[in-house]
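Worksheet for the structure shown next.
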Amino acid sequence: MRALITGATGFIGSHMIDYIRSRSIPVDIFATRRWRAPMDNVKHLPEGAVRWIECDLTDYVATEDAIAEARPDITFHFAAQSYVPASYQSPVATFRVNVEGTLNLLEAVSHVARDMGIERSHFRIVVVSSSEVYGNPVGVMDETHPMRPVSPYGASKVAVDALAFTYHIAHGLQIVRGRNFTTSGPRRGSVFFDSAWCRQVACMERGIQRRVLRVGNIHSVRTVMDVRDCVRAYWTLAERGVPGEAYNIAGRECYE
């Protein structure tokens, strides 16, 4: 089996590599990275554990070359600009990375399948969407809840979600969508609320910061899951998810 992971140097992508390597089944892991991407999250991997492909998904030619090289049975598409505040500062860049990058990936898979004479239905793709597509709902949400994004990031993920569904219907690609809710754990970026709070507490204990904890919206209600549970859920979607369907991936309890 051959698996391709985009955004593999990131938080969830790096844990996806770890999870696949922990399984007993043999998988050849291919992973995309941008030439300037920090490698801190994957520095623990032994030499040869992953076949790295330099690829910026906003470059269509590079993306098609990556698909042709990997010829993946399963693709996990994690590459994205995923920080909501940054999407307000750079909405065009957010759309380019998230929407254009996804479009290039799906087009590349479709074209490589055609050029190599492979049935498009052979390619199974897990596209990562987000709970941000729902906006600020009240009460319990299932996958039929209306999409009402309230940030440029959320709007970009609505487009990603729609593209995934479209390419399943129009091109027969076996695409499953996972709408990811708040995820925490090792390697979480320092700008996100949980890492930021922990960092501040550590700085307070060392006398680097005044004993004032800076927080964002204290009235938000979140469901939080561990990243290692998250990647296991994505693997389950790859194995058993129904193509064309969307699945919420979230923790079991809500926290205020």
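The set of residues in the range 124-178 that are closer than 20 Å to residue 224 by Cβ and part of a strand (DSSP E or B) comprises 128, 129, 130, 178.
Residues in the range 1-23 that are open to solvent by 60 Å² or more (accessible area, probe 1.4 Å) and hydrophobic (A, V, I, L, M, F, W, C): how many?
Taking the range 1-23 as the starting set, the residues that turn out to be open to solvent by 60 Å² or more (accessible area, probe 1.4 Å) are 1, 21-23.
After this cut, where a residue has to be hydrophobic (A, V, I, L, M, F, W, C) as well, the list is 1.
So the count comes out to 1.
For the range 179-192, does any single residue satisfy the condition of being open to solvent by less than 30 Å² (accessible area, probe 1.4 Å), at pLDDT 80 or above and within 30 Å of residue 112 (Cα to Cα)? Yes, the range 179-192 contains a residue that is open to solvent by less than 30 Å² (accessible area, probe 1.4 Å), at pLDDT 80 or above and within 30 Å of residue 112 (Cα to Cα). Here residue 26 fulfils each of the conditions (1) free of Cβ contacts under 8 Å to residues at least 60 places away in the same chain; (2) under 19 Å from residue 113 (Cα atoms); (3) part of a loop (DSSP other than H, G, I, E, B); (4) not aliphatic (A, V, I, L, M) apart from (2). Here the range 136-163 is the region considered, the condition is being more than 15 Å from residue 87 (Cα to Cα) and small (Gly, Ala, Ser), and the residue that is surrounded by the most Cβ atoms within 10 Å (Cβ to Cβ) is 162. Among the residues in the range 118-133, are any farther than 30 Å from residue 69 by Cα, aliphatic (A, V, I, L, M), at pLDDT 95 or above and touching a Gly at 6+ places or on another chain (Cβ under 9 Å)? Within the range 118-133, one or more residues are farther than 30 Å from residue 69 by Cα, aliphatic (A, V, I, L, M), at pLDDT 95 or above and touching a Gly at 6+ places or on another chain (Cβ under 9 Å).
In this structure, does residue 49 turn out to be outside any helix (DSSP H, G or I), touching a helix residue (DSSP H, G or I) at 6+ places or on another chain (Cβ under 7 Å) and closer than 18 Å to residue 13 by Cα? Judged against the criteria, residue 49 is a match. Selection of first residues in the range 2-19 that are within 16 Å of residue 53 (Cα to Cα) and of second residues that are basic (Lys, Arg), restricted to Cβ pairs under 9 Å at least 6 apart or on distinct chains, gives the following pairs, ordered by first then second residue: 2/71; 4/71; 7/33; 8/33; 9/33; 9/34; 10/187; 14/187. One residue stands out among those in the range 24-47 that are basic (Lys, Arg) and open to solvent by 70 Å² or more (accessible area, probe 1.4 Å): the one that is nearest to residue 101 (Cα to Cα), which is 34.
Residues that are of a type in the set (S, T, N, Q) and open to solvent by less than 10 Å² (accessible area, probe 1.4 Å) were ranked within the range 101-112; the one that is nearest to residue 59 (Cα to Cα) is 102. Restricting the range 73-100 to residues that are polar (S, T, N, Q), in a loop (DSSP other than H, G, I, E, B) and in contact (Cβ under 8 Å) with a residue 40 or more places away in the chain leaves a set whose member that is surrounded by the fewest Cβ atoms within 10 Å (Cβ to Cβ) is 81. Note on the range 159-175: among residues that are β-branched (Val, Ile, Thr) and out of contact with any Phe, Trp or Tyr (no Cβ under 7 Å at 6 or more places or on another chain), the one that is nearest to residue 99 (Cα to Cα) is 160. Of all residues in the range 55-70, exactly one satisfies the criterion of being open to solvent by less than 50 Å² (accessible area, probe 1.4 Å), assigned to a loop (DSSP other than H, G, I, E, B) and farther than 14 Å from residue 8 by Cβ, namely 58. Residues that are at pLDDT 70 or above and either open to solvent by 80 Å² or more (accessible area, probe 1.4 Å) or β-branched (Val, Ile, Thr) (or both) within the range 216-228 comprise 223, 224, 227, 228, listed in sequence order. If you check 47, 64 for being modelled with pLDDT under 95 and out of contact with any strand residue (DSSP E or B) (no Cβ under 7 Å at 6 or more places or on another chain), only one passes: 47.
The values are calculated or read from the model by the stated rules, or taken from the named source; none is laboratory data. On a predicted model such as this, the values are computed, not experimentally measured, just so you know. FYI the Cβ positions are ideal-geometry reconstructions off the backbone, even for glycines, and counts take in every protein chain you see. Keep in mind that these areas ignore ligands, DNA and RNA; they rest on the heavy atoms of the full protein, side chains included. Shrake-Rupley method; radii C 1.70, N 1.55, O 1.52, S 1.80 Å.
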